[in-house]
Amino acid sequence: MARCDGKVALVTGGGSGIGAASARLLAAEGAKVMLADIEADAAAGIAREIGDAAAAVALDVTSGESWDAAAGATVEAFGGWNVLVNCAGVLRRGTVESASVAQWREVIDVNLTGVWRGCRLAVAHMKDRGGGSIVNLSSVSGIVGDADLCAYDASKGGVRLLTKSVALWCAENGRAIRCNSVHPGVIETPMVHAYIAESDDPAAERVLWDSFMPVDFRGRAEDVGLMIVYLASDESRLVTGAELAIDGGTTAG
């Protein structure tokens with residue numbers, strides 16, 4: 001049997017990067033996958049590539065109504081869902097002095113409140129349907145700080161502890177729902193490429209990013225996707241409230 005037979009996953013940010021890679025890998029392991037993204041056409045393209053095991057829906061993670069619609073579409077397409085992968089996120093440069101209130105609110109609303117909305121909806125849906133698994137994408141920036149990523153660090157640190165709170169609530173209240181956070185290091189995704197390209201000196205910024213990980217190669221979205229497959233599968237049945245770093249040793253020192 002495939003590792004994720006019987007799983008139905010709702011994957012946010014499914015139109016590109018880690019979300020798209022995770023959806024492909026989950027489907028390859030037997031899961032049905034709903035790809036949800038604010039870029040609905042991108043998500044639909046990935047779903048067509050995957051085939052009959054996948055569908056796509058528009059999702060603005062900052063909107064409760066949009067979350068309800070995405071969950072409803074997943075139930076309509078696949079009868080329910082027992083895996084949530086919260087991949088949607090934004091990366092914005094800004095220090096404690098330079099970041100605007102608008103930037104702060106955008107990053108927190110997408111990266112943290114959006115994840116909370118998803119967790120809340122997943123627990124309500126899964127608790128009476130045999131349980132499930134929630135995987136929240138944090139970052140190494142949720143473990144260690146960056147001087148020029150003030151809002152991003154705060155959002156990803158929040159995801160880290162939100163995950164632990166959800167995990168403990170579910171465990172202590174008899175919900176068979178596991179919740180874990182994944183903390184990538186430098187992973188080659190469109191979001192990272194755009195961040196580097198928009199810097200004042202992209203060549204220097206590329207060198208800086210390449211220096212972050214002790215290993216001498218860059219991470220791929222599939223590297224993170226493989227960890228997500230493990231957390232979605234029953235192989236990880238004792239893993240909850242954990243923070244798993246996929247960072248090439250960045251946080252080891």
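Brief remarks follow.
- The chain, accessible area per residue, ligands and nucleic acids excluded (1.4 Å, Å²): 45
- Between the residues Leu226, Met1, Phe212, the greatest Cα displacement towards the positive end of the dipole of the chain, with unit charges on the Cβ of Lys, Arg, Asp and Glu, is found for Met1.
- Of the residues Ser16, Ile46, Gly30, the one whose Cα sits farthest towards the positive end of the charge dipole of the range 11-51 is Gly30 (charges of +1 on Lys and Arg Cβ, -1 on Asp and Glu Cβ, taken about the Cα centre).
- Sorted largest first, the principal axis extents computed over the alpha-carbon atoms of the range 145-248 equal 52, 27, 22 Å.
- Long-range HN-HN contacts of Asp247 with modeled amide H, under 5 Å: Gly185
- Taking a point 7 Å out from the Cα of Ala102 in the direction of its Cβ, none of the residues of the range 138-168 has a backbone N less than 16 Å from it.
- Surface share of carbon and sulfur [accessible, 1.4 angstrom probe, percent] for the chain: 54
- Rolling a 1.4 Å probe over the protein chains gives Ser141 an accessible area of about 10 Å².
- Among Arg92, Arg129, Arg175, the sequence by solvent-accessible area, most first, with a 1.4 Å probe is Arg129, Arg92, Arg175.
- FRET E, pair Ala40, Asp109, Förster distance 25 Å, beta-carbon r, rounded to 0.05: 0.80
- Placing +1 on the Cβ of every Lys and Arg and -1 on the Cβ of every Asp and Glu, with nothing else charged, gives the chain a dipole about its Cα centre of roughly 920 debye.
- Interchain or long-range residues, amide H under 5 Å from Glu188's placed H: Gly219, Arg220, Ala221
- For Asp234, solvent-accessible area (1.4 Å; no DNA, RNA or ligand), Å²: 100
- Reachable aspartates and glutamates, given that their alpha-carbon falls under 18 Å from the alpha-carbon of Lys127 and they are not under 8 places away in the same chain: Asp68, Glu172, Asp234
- Each principal axis of the Cα cloud of the chain was taken in turn, and the coordinate range along them, longest first, works out to 49, 40, 35 Å.
- Only aspartates and glutamates eight or more places from Lys156 in sequence, or on another chain, were considered; those with a Cα closer than 15 Å are Glu106, Asp109, Asp146, Asp148, Glu243, Asp247.
- Computed over the alpha carbons of the range 49-141, Rg followed by Dmax gives 15.3, 49 Å.
- If only the Cβ of Lys and Arg carry +1 and only the Cβ of Asp and Glu carry -1, the dipole of the range 113-253 around its Cα centre is close to 980 debye.
- Area accessible to solvent at Met227, 1.4 Å probe radius, in Å²: 50
- Cα centroid separation, the range 44-79 to the range 1-18: 11 Å.
The values are calculated or read from the model by the stated rules, or taken from the named source; none is laboratory data. Being a predicted model, the structure only gives us computed values, none of them experimental. Please note: Cβ atoms are built from the backbone with ideal geometry, for glycine as well, and neighbour counts cover all protein chains shown. For accessibility, only protein heavy atoms count, side chains too; no ligands or nucleic acids. Shrake-Rupley method; radii C 1.70, N 1.55, O 1.52, S 1.80 Å.
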